[in-house]
Amino acid sequence: MEFITDYNLEELRERFVSLGLEKYRAGQVLKWLYKKLTTDFSSMTDLPKEQRRLLEDTFRFHPLEKLDRVDAPDSRKYLFRTHDGHIVETVLIRERDHLTLCVSSQVGCAVGCTFCATAIDGLRRNLTSAEILDQFLQVQKDSPEKIRNVVFMGMGEPLANYDNVRKAAEIMVSPWGLDLSKRRVTVSTSGLVAQLRRMAEDPIMRELNLAVSLNAPRQSTRESIMPITRKNTLSELMEVLVKYPLPRYRRITLEYVLIKDLNDSKRDAEELAELLRRHRKRFKVNLIPFNPDPNLPYERPELTRVLNFQKVLWERGISTFVRFSKGVDVFGACGQLRAKRDYVKISNP
Ligand code: SF4
């Protein structure tokens with residue numbers, strides 16, 4: 001089956017020509033789709049009837065089937081089913097004055113972070129760009145307000161599915177697509193060094209916001225909770241990040257899941273501050289107190305410990321925020337968003 005959301009404008013023009021249609025019709029169709037959210041060719045009234053029929057016979061709009069929606073005061077969780085029976089989670093989050101959509105990029109994840117529930121079943125498969133975009137389209141259609149922010153923080157490691165994430169992001173930020181601001185689309189990665197280098201060279205990807213799960217200030221601790229870092233070492237990661245071509249006024253977000261007695265000590269905070277000292281203007285740190293999960297052997301630190309950790313970083317001039325999630329089944333690191341979350345900015349202690 002052929003999905004129209006698998007094509008960017010250039011590719012769709014070529015495909016239309018191969019179908020015997022004029023090139024410019026591709027732009028017309030994408031305007032209906034991404035500006036008016038029309039997912040019915042028969043309503044695209046500026047196309048001749050026979051062309052609409054041909055398009056109907058050729059393309060489909062939705063690769064995902066919406067199974068369920070769970071509403072909470074500040075969020076909605078959507079469950080979708082793929083054509084081959086996998087379940088994909090997407091979460092719409094109400095933040096102070098806007099909506100943020102957290103999309104999944106893979107079914108499961110191969111990275112294997114030991115604190116992450118998504119890792120338990122490993123990777124099933126990559127999502128296609130159409131499956132990634134369809135999460136946006138279906139949720140936007142169901143939402144009373146325009147969704148302005150997208151974070152690739154749902155299931156999966158987005159940079160392990162680079163080409164499909166790139167295509168989806170291109171459609172999200174292009175004027176002929178969803179036309180979201182590049183500043184409002186965030187890719188969150190566990191720190192795949194080769195893909196980060198690729199991203200730094202990529203005119204579309206490097207314009208997006210970048211968030212990296214750091215989770216420890218030293219190689220040995222990081223390796224113990226993120227096996228992928230045996231190859232993607234902390235020193236290589238930092239080398240890429242300090243050279244990363246950031247757009248003006250932009251910083252890289254470092255996500256740090258605080259786990260009791262594992263990476264939450266004063267020494268950990270001091271080492272983290274030292275790691276970032278020479279480049280502190282380049283980074284901000286999000287501290288995410290771990291949310292206990294019955295399947296995982298970790299605990300959340302006491303609040304005072306979290307705040308003390310933050311204080312050490314603030315005192316050394318590093319912008320650091322605590323991100324509390326609400327509810328036991330919610331988590332804020334990549335791959336773990338389950339229902340809803342909230343950002344609480346705590347000012348300089
Ligand atoms: S935290 Fe992210 S990268 Fe790590 S296993 Fe979970 S989904 Fe994968």
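The values are calculated or read from the model by the stated rules, or taken from the named source; none is laboratory data. Small disclaimer: the values here were computed from a predicted structure and weren't measured. Note: ideal-geometry Cβ built from the backbone for every residue, glycine included; neighbour counts use all protein chains shown.
Assorted remarks:
- Options THR5, THR58, THR39: the member that is closer than 16 Å to MET172 by Cα and surrounded by 13 or more Cβ atoms within 10 Å (Cβ to Cβ): THR5
- Test result for ASN295, modelled with pLDDT under 95, in a loop (DSSP other than H, G, I, E, B) and surrounded by 20 or more Cβ atoms within 10 Å (Cβ to Cβ): no
- Selection within segment 217-252 - within 23 Å of the chain's Cα centre (by Cα), touching a residue at least 60 places away in the same chain (Cβ under 8 Å) and within 14 Å of the ligand (Cβ to nearest atom): ILE225, MET226, PRO227, ILE228
- Residues of segment 4-51 that turn out to be closer than 26 Å to SER143 by Cβ, of a type outside the set (S, T, N, Q) and part of a loop (DSSP other than H, G, I, E, B), as a count: 4
- Residues (assigned to a helix (DSSP H, G or I) and more than 14 Å from ASP261 (Cβ to Cβ)) located in segment 309-322: GLN310, LYS311, VAL312, LEU313, TRP314, GLU315
- Some residue of segment 201-211 being within 13 Å of the ligand (Cβ to nearest atom), closer than 23 Å to PHE290 by Cα and surrounded by 20 or more Cβ atoms within 10 Å (Cβ to Cβ): yes
- Those strands (runs of 3 or more DSSP E) of segment 87-174 in which 2 or more residues are within 16 Å of the ligand (Cβ to nearest atom) occupy 87-95, 106-108, 123-126, 149-152.
- Among residues of segment 143-171 that are under 21 Å from ILE4 (Cβ atoms), those with a beta-carbon under 6 Å from a residue that is at pLDDT below 95 and away from the ligand (no atom under 16 Å from the Cβ) at least six positions away or on a different chain give the pairs ILE147/LEU99; ILE147/LEU101; VAL150/LEU101.
- All positions within segment 175-192 that are part of a helix (DSSP H, G or I) and either within 14 Å of LEU101 (Cβ to Cβ) or not basic (Lys, Arg) (or both): ARG184
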